[in-house]
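Here's the structure, in C-alpha cells; my notes come after.
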Amino acid sequence: MNIPANLKYTKDHEWVAIEGDVATVGITDFAQRELGDIVYVEVETLDQTLDKDEVFGTVEAVKTVSDLFLPVSGEIIEFNETLESEPELVNTDAYGAGWMIKVKMSDVSEVEALLSADQYKELIGA
C-alpha cells in the first residue's frame, strides 16, 4: 500500500500536501481501495470558506457514497475538474492526478494536528 512519507493524513483517510499556505487534498490509496471503483466526485464548495472537518464534497463509488471532510480550515480555491470526466483517476493515481481540491489555509497551525505517514500506517494497521 502506498503511503508517501512527505504527506500528512487524516483519520478520515484523506491526504494533505502542504505548499506555503495552500493545502492540496485527496483521498488515500487505502480509502480508494476500500471504496472500490470511483464513478463520481462532487465538490460544490469552490470559492467557499469552510471550517476544519466540514464536508466539502462527496465521492461516489459503485457501492457507496462517502462524504469528504476538510482537513484544515480555509477557502477552497481550486477543484480538480479533470475528475468530472475521469473520476477513475482517484483509483489509478490517488496521490497525483487524482487530487481533489486546493485550500488556502486560514490557520496553518492546524497542519500540526494531522497525522504523519507512520501514524496513518498505525491507524489502518499497515
Item to check | Of the criteria (1) open to solvent by 50 Å² or more (accessible area, probe 1.4 Å); (2) under 22 Å from GLN32 (Cα atoms); (3) not in a strand (DSSP E or B), which one GLU112 fails | outcome: (2)
Next on the checklist: Show the residue pairs meeting these rules: Cβ distance below 8 Å; 6+ apart or different chains; first residue within segment 102-126 and farther than 13 Å from GLU19 by Cα and free of Cβ contacts under 8 Å to residues at least 60 places away in the same chain; second residue open to solvent by 60 Å² or more (accessible area, probe 1.4 Å) and assigned to a strand (DSSP E or B).
Outcome noted: SER106/THR49; SER106/GLU75
Item to check | From ILE18, ILE3, residue being assigned to a loop (DSSP other than H, G, I, E, B), of a type outside the set (Asp, Glu) and modelled with pLDDT of 95 or more | outcome: ILE3
Checklist entry - Restricting attention to segment 46-65, which residues are within 16 Å of ASP107 (Cβ to Cβ) and β-branched (Val, Ile, Thr)? => result THR49
Checklist entry - Has segment 22-42 got at least one residue that is under 21 Å from PRO87 (Cβ atoms), open to solvent by 70 Å² or more (accessible area, probe 1.4 Å) and in a loop (DSSP other than H, G, I, E, B)? => result yes
Checklist entry - Restricting segment 68-96 to residues that are surrounded by 15 or more Cβ atoms within 10 Å (Cβ to Cβ) and among the small types (Gly, Ala, Ser), which is nearest to ASP53 (Cα to Cα)? => result SER73
Item to check | Residue in segment 75-92 that is in a loop (DSSP other than H, G, I, E, B) and under 19 Å from LYS11 (Cβ atoms) present | outcome: no
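The values are calculated or read from the model by the stated rules, or taken from the named source; none is laboratory data. What you see is a predicted model; the values in this text were computed from it and never measured. All Cβ positions, glycine included, derive from the backbone under ideal geometry; neighbour counts span all protein chains shown. Note: areas computed on protein heavy atoms with side chains; ligands, DNA, RNA excluded. Shrake-Rupley method; radii C 1.70, N 1.55, O 1.52, S 1.80 Å.
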